[in-house]
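First comes the structure, then the notes that go with it.
The values are calculated or read from the model by the stated rules, or taken from the named source; none is laboratory data. Just so we're clear, the structure is a prediction, and the values are computed from it rather than from any experiment. Here the Cβ is made from the backbone with ideal geometry for all residues, glycine too, and neighbour counts use every protein chain on show. Each accessible area value is taken on the protein alone, full model and side chains, heavy atoms only, with ligands, DNA and RNA left out. Shrake-Rupley method; radii C 1.70, N 1.55, O 1.52, S 1.80 Å.
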Amino acid sequence: MKILRILFVFLLMFACKTEKRSKEISSKKEGIANTEIVSEKFQKIIDAAKLKGAILIYNSNKKQFLSNDFNWARTGKLPASTYKIPNSIIALETSIVENDSTIFKWNGEDRRLKIWEQDLYFKQAFHYSCVPCYQEIARKIGVERMKKYLEKLNYGDIKVDSTNIDLFWLQGNSKITQFQQIDFLQRFYKKQLPISKRTDSIMKNMIVMKDKEGVKLSGKTGWSIVNNKSNGWFVGYVEQYDNVIYFATNIEPLPEFDMSLFPEIRKQITMKALQIIGVDL
């Protein structure tokens, strides 16, 4: 009888340990696993806008990726002006630019956009997406330092050399996927990039696009044209109360699309997708 009691206690202890271990394994899995959910609603947004491409959204709290096309989201594209985020970080880290109030003098030459034909603060150059300003920054950073920092920041698959130092994000073979954009933004937001606190603070303030009633939108658009084919980006994140929602939209126009709408459509379709998942901007 005594032997049976000892055996029963041993089996009970083993069962408890096994259950505890199973819960711990399950908890660990829940802590690292990200689910991928295909959204037909996102596809309807893109179809209605006469575009092709993908909207990719990551909900931090739910650890969910949502997209209409995960294959597109895993295909690399030129970063275009979304590269102004890492380019700005590198400019600050190398002291090429002192702060967001550093002035870029206009040399009086004609520029593609009238809004660029003026002296611009660094923050304005970022939000106006001033290509000549950032070409100047890239040339001052130089090839070797640019490569060094790109490796440190682990940003996409970027091809930089002496022939393309002021164009590599707009032309050539540089690529980044939507998943990589979100990964970079997560590390940036969580202060996991190897950069100074000062640079982090300046950048987080500089990229804010909208801030109202507990909801803050930060991000950057991008537009590249290769062989008369346009590709557009909108990447960033929304801080909503106790959650952070990351997004990376990449689209291309269909033949029937009205190209005069392209500058705004990247943001518009992203906002519609965010609204679907409960983000009110």
- In the range 67-96, anything surrounded by fewer than 21 Cβ atoms within 10 Å (Cβ to Cβ) and aliphatic (A, V, I, L, M) is listed as ILE96
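Restricting attention to the range 127-137, and to residues there that are in contact with a Leu (Cβ under 8 Å, 6 or more places away or on another chain) and not in a helix (DSSP H, G or I), which single residue is least open to solvent (accessible area, probe 1.4 Å)? Before you say what the answer is, go through the steps one by one.
Taking the range 127-137 as the starting set, the residues that turn out to be in contact with a Leu (Cβ under 8 Å, 6 or more places away or on another chain) are 128, 130-131, 133, 135.
Restricting the remaining residues to those that are not in a helix (DSSP H, G or I) gives 128, 130.
Numbers: TYR128: 81, CYS130: 0 Å².
Here the answer is CYS130.
For residues in the range 217-228 being open to solvent by 40 Å² or more (accessible area, probe 1.4 Å) and modelled with pLDDT of 95 or more, which is farthest from the chain's Cα centre (by Cα)? Working first, answer last.
Of all residues in the range 217-228, those open to solvent by 40 Å² or more (accessible area, probe 1.4 Å) come to 223, 225-228.
In the following step, the residues that additionally are modelled with pLDDT of 95 or more were identified as 223, 225.
Values: TRP223: 14, ILE225: 20 Å.
This residue is ILE225.
Got at least one residue in the range 253-263 being more than 16 Å from SER81 (Cα to Cα), among the aliphatic types (A, V, I, L, M) and within 17 Å of the chain's Cα centre (by Cα)? Steps first, answer last, please.
Looking only at the range 253-263, we keep the residues that are more than 16 Å from SER81 (Cα to Cα), and these are 253-261.
Imposing the further condition that a residue be among the aliphatic types (A, V, I, L, M) reduces the set to 254, 259, 261.
Remaining after also requiring within 17 Å of the chain's Cα centre (by Cα): none.
Looking for residues that are more than 16 Å from SER81 (Cα to Cα), among the aliphatic types (A, V, I, L, M) and within 17 Å of the chain's Cα centre (by Cα), one finds none in the range 253-263, hence no.
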- Task: Tally the residues that are more than 30 Å from TRP116 (Cβ to Cβ) and part of a loop (DSSP other than H, G, I, E, B), restricting the search to the range 49-104.
- Result: 8
- Query: When you look at GLN124, is it surrounded by 14 or more Cβ atoms within 10 Å (Cβ to Cβ) and either free of Cβ contacts under 8 Å to residues at least 60 places away in the same chain or over 27 Å from LEU56 (Cβ atoms) (or both), yes or no?
  - Reply: yes
- Task: Could you grab the pairs with beta carbons closer than 7 Å, sequence gap of 6+ or different chains, first residue in the range 91-117 and free of Cβ contacts under 8 Å to residues at least 24 places away in the same chain, second one of a type in the set (Asp, Glu) and part of a loop (DSSP other than H, G, I, E, B)?
- Result: ILE103/ASP119; LYS105/ASP119; TRP106/GLU117; TRP106/ASP119; ARG111/GLU117
- Task: Check the range 249-261 and report whether any residue there is in contact with a Pro (Cβ under 8 Å, 6 or more places away or on another chain), not aromatic (Phe, Trp, Tyr) and not in a loop (DSSP other than H, G, I, E, B).
- Result: yes
- Single match in LYS204, LYS212 (criterion: at pLDDT 95 or above and within 28 Å of TYR121 (Cβ to Cβ)): LYS204
- Just wondering, is there one or more residues in the range 102-118 that are closer than 24 Å to SER230 by Cα, in contact with a strand residue (DSSP E or B) (Cβ under 8 Å, 6 or more places away or on another chain) and either of a type in the set (A, V, I, L, M) or surrounded by fewer than 18 Cβ atoms within 10 Å (Cβ to Cβ) (or both)? no
